[in-house]
Structure formats: C-alpha cells, structure tokens
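A short write-up of the structure that comes next.
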Amino acid sequence: MIEEKIKELGFTLPETPKPLAAYVPVVLSDKLVFTAGQVPLQDGKIKFVGKLGLDVSQDDGKKAAEICVLNCLSVVKSAAGSLDNIESIVKLTVFVNSSEDFTAQPAVANGASELLIKIFGEKGKHARSAVGASQLPAGAAVEIEMIAKLK
Amino acid sequence: MIEEKIKELGFTLPETPKPLAAYVPVVLSDKLVFTAGQVPLQDGKIKFVGKLGLDVSQDDGKKAAEICVLNCLSVVKSAAGSLDNIESIVKLTVFVNSSEDFTAQPAVANGASELLIKIFGEKGKHARSAVGASQLPAGAAVEIEMIAKLK
Amino acid sequence: MIEEKIKELGFTLPETPKPLAAYVPVVLSDKLVFTAGQVPLQDGKIKFVGKLGLDVSQDDGKKAAEICVLNCLSVVKSAAGSLDNIESIVKLTVFVNSSEDFTAQPAVANGASELLIKIFGEKGKHARSAVGASQLPAGAAVEIEMIAKLK
C-alpha cells in the first residue's frame, strides 16, 4: 500500500543503496530502525553534488532531500520486509552541504519532510534537525539519516 | 516542581516553539522523547544570529545554548504533560555555528549542560556531542536536539 | 574476551576519557547506551588536531577515528561493566573536521568501522553517518558518538 502511494506521488522506491564503506545500511534495535546516512544516490550516481549557497540551488537541494529520504525508506524496507510495517517516522537529521552564508537548511530539508507526510500522513510526522555541514561524502549536497519505528 | 525550579534560577519556560517547517517539534517513542533541533528562539525571534569565532562572542553563544535547551524542555513538556514526568535527560547534540577556527564548542554547549544540571540535578546528567556547523537555520548561533526519557 | 581481541589486534583500550565539560561520558537507557562525542584523546592529549583536506592526511584521519572509537568503547565499558556485555553496535555518527573541499569522510570513518568489525565480527556491523564539520572541540580532527545495545 505504501509503495503504491509512493508511485501515485510520481516517485520510485530505489533499490537498497549499497553503503559507501565498511558499515551496514540499517540496524534494527527492538522496534527502532536506525538508517545509515543516505546521500542522493540515484541509478548508481550521486545526482546532486556541491554546496547550497554556492553551486546547488535551493530547489535542487529540495530534490536531493527527496532522493535521500527515498533511499532511507528503501533501507528501512530491507530491515522491515515491507514499508507497511512502519508504525511511524520518529526522527530525521538532515545535513545540508552549506556555504558559509546559506541559512535555508529548513527549506531544503522540507523536500524530505513534506514527502514523508504525503506518503504516510499522520504517521509520517517526525521530529527533525537541519544542520549545515562544511562538506559531505563524495560532495553530496544533502545527507539524511532516519529513525523509524516498526509495528 | 521542575517549572518552579526553572523560575527560581531566573529563567522562563518559553511557549512551545512552532517548527520552522514541515515537521513536528517532538516525537515520543515508548519512553524516549526525541525533540526537533531547537534554535535560540525567544519571543518569536532568533535572539543570537551569526557565527562563533566571527560575530557572536563565547558568552553570547552560551546564552544562546541556554535558550535552545529551554525550548527543548518546552517541547518535551508538550509531549510529557509536565516536566515532572521526565525520568532523565539522555543525550544532547549541540551544533555550534562556527567559523573555521573556533574550537570552543564545549564551552558554548556548557550553557545548556550546566542549566540542565541546575534544574534536574543528577537526573539532568546527559551524554553530549558538541560539533561545529558551517551554518544553521536562519543563521542561528546554536541548534540543540535532545533525547529525554520519561517515567 | 573482547578486550583480549582488542589487544591481539595491537590496540589498547584507553582509560575512560573525562568529559571536556559539564556532562557525563555515557548514558544507559534500558538496553541502549549513548556515548558522548569522543575525540582522539590519547594519554591525556588530543593526538590529531586540524582539518582533513588542509593539515591532517587521510591516513592520519583514519588513525584518529580508531582512537575515537576505542574511547567510545572505553566509556561503554564504564556503563556495561565489560565489553562482553555488548549485544551489538547500533550506530556511529562520525564528524570529520573538514576543509570546504574534503569529501572523503567515509574513508576516514572507515578507521572506526573496520576496527569495530575486526573486534566484534557480525555484532560490530553498524549503521553510520559520516559528516563534515566546520570545526570540532579543541580542534580535534574527528569526533565520534556511538549507540550500542547491551545484552
């Protein structure tokens, strides 16, 4: 059902991204799922590279955040079996690759938050931090980690 | 009782801050409360804007951290009913808007940590990370997220 | 057993580091242990100071990450009694003191991740975020926080 909702919204749940290094994409501890930080990896390459406020526009930053959060859902699915087993989204931490004077991290992070609410409704409402990073893995414009709770 | 203690210390618990964007200020998962990142919002405006090491002094950074943590407590209260329902403060992550050479993030974060210990005593002792961010939402000098445990 | 494994690998579990400020190094909430952010403190001083991409090499960054994660284990031990009481490593957040163009945070963080897997095997596999910070406490090259689960 949730996967159909994602399609209806015009998005595709990606294949579970392989970690960029020596770790696993997701860990389940009781009912809480902790994802590794996800970058805007699409079809095997990072789609948005660079700094907000310098070489990535706010709109592209928002699109990057959408891809990151779809990757988060993909790795949660790999632990949960199905996205229908998600009880609620608990927390996002959104790191935005930011120039020294870019201060619209919340607008970028809304790309992820608004999509979650469209997909999950009330259950998609989460706590969130949005923070500027001086750089991110492989130059990614955005990196997002998620805590979700399973049924 | 805890709210009276806050008043005795000369501080005021603020109204629950509205999120700057599409998310909720706090999520409860079993006994753990996760807050959204809180900036030094006071009376509807961000009181300390700018970078430590550049245009915000260390003393003002500490004051900013105090306001952030009071906002964290305010949103925890909105989930917990009363601050007296807090069993303990588990974790703070303190993001400090830092110039490239400002390295006293722990001194800034102490504004938050020391206030929590004054308010809650032993139960206020928490694990903490203090980190430099290249920028923060709306240019805030400090952003703090909290994990607390309820009774 | 785990401590012997650490010795076999040529490392030493350090004394539990004292927090740099007003907080505690570790908090236990039910079965989850949350550590404070650990810097590469060795024999009372921070061994690797500076920015990756500027004055710290990638190899030294990796060594810094190893020391950070050993310090994380030391503080987990102080809460758990013994490292043998660790059920699994859940999550690392690795903050890398990064110049504006350093993008190999995952390679640096691998210093920590690979060591955990050598020490704990399957139980050491964790979710992870690696992020660039504009600065870190006392100029540390790396700061790592850990969530572990006890038996």
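So here's what we get for this one:
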quantity: Alpha-carbon gyration tensor eigenvalues x 5, square-rooted, for the stretch A:81-151, Å; calculated: 26, 12, 9
quantity: DSSP beta bridges in the stretch B:71-147 [antiparallel fraction, %, rounded to 5]; calculated: 45 percent
quantity: Rounded FRET efficiency, nearest 0.05, which uses the C-beta distance separating C:GLU15 from A:LEU9 and R0 of 60 Å; calculated: 0.70
quantity: C:VAL94 long-range amide H proximity, modeled H, under 5 Å; calculated: C:SER129, C:ALA130, C:VAL131
quantity: Using alpha-carbon coordinates, inclination of helix B:105-120 to the longest axis of chain B, degrees; calculated: 20 degrees
quantity: Counting all C-alpha pairs of the stretch C:1-79, share separated by more than 14 Å (%); calculated: 65 percent
quantity: Residue-count net charge about B:ILE119 - beta-carbon cut-off 15 Å; Lys, Arg +1, Asp, Glu -1; calculated: -2
quantity: Cα centroid separation, the stretch A:87-138 to the stretch B:1-55 (Å); calculated: 18 Å
quantity: Per-residue HN-Hα couplings for the stretch B:58-69 [Karplus 6.51, -1.76, 1.60; θ = phi - 60°; Hz; x = Gly/Pro]; calculated: 4, 4, 5, x, 5, 5, 4, 5, 4, 5, 4, 6
quantity: Residue-by-residue Karplus 3J(HN,Hα) for the stretch A:38-51, coefficients 6.51, -1.76, 1.60, Hz, glycine and proline x; calculated: 10, 9, x, 7, 9, 6, x, 9, 7, 6, 10, 10, x, 9
quantity: Separation of the A:GLU87 and C:ASP59 label points, Cα + 7 Å toward Cβ, nm; calculated: 4.9 nm
quantity: Label geometry 7 Å along the beta-carbon vector: B:LEU150 inter-copy distances in nm; calculated: 2.4, 2.4
quantity: Shortest-first nm distances, B:LYS31 label point to equivalent points in other copies (7 Å, Cα→Cβ); calculated: 1.4, 1.4
quantity: Formal net charge of residues neighbouring A:VAL26 (Cβ-Cβ distance under 13 Å; K, R +1; D, E -1); calculated: +4
quantity: Considering only the protein assembly as shown, percent of DSSP beta bridges that pair antiparallel, nearest 5; calculated: 70 percent
quantity: With 10 Å bins from 0: P(r) over the protein assembly as shown, alpha-carbon pairs, percent; calculated: 5, 23, 35, 27, 9, 1
quantity: DSSP-defined beta bridges in chain C - what % are antiparallel, rounded to 5; calculated: 70 percent
quantity: Net charge over other residues, Cβ less than 12 angstrom from the Cβ of B:PHE102 (K, R count +1; D, E count -1); calculated: -2
quantity: 7 Å along Cα→Cβ, label-point gaps from A:GLU15 to other copies, nm, shortest first; calculated: 5.2, 5.2
quantity: Per-residue [θ]222 nm for chain C (sum of -39500 (n - 2.57) over DSSP H runs n ≥ 4, rounded to 500); calculated: -10000 deg cm²/dmol
quantity: log₁₀ of I(q)/I(0) at q = 0.11, 0.18, 0.23 Å⁻¹ - the stretch A:27-151, Debye sum with one point per alpha carbon; calculated: -0.33, -0.85, -1.27
quantity: Per-residue ³J(HN,Hα) for the stretch A:141-147, Karplus 6.51 cos²θ - 1.76 cosθ + 1.60, θ = phi - 60°, Hz, x for Gly and Pro; calculated: 6, 9, 9, 10, 10, 10, 10
quantity: Within 10 Å of each Cβ in B:23-34, the average number of Cβ atoms from other chains; calculated: 6
quantity: Rotational relation C to A, axis-closest Cβ in chain C, residue and distance rounded to whole Å; calculated: C:SER134, 2
quantity: At 0.890 mPa s and 25 °C, Stokes D of the stretch C:110-149 from Kirkwood alpha-carbon radius, µm² per second; calculated: 210 µm²/s
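Values quoted throughout were computed directly from the atomic coordinates according to the rules given, and no laboratory measurement underlies them. Everything quoted here is computed from the prediction, not taken from an experiment. Every residue, glycine as well, gets a Cβ built from its backbone with ideal geometry; the counts of neighbours run over all protein chains shown.
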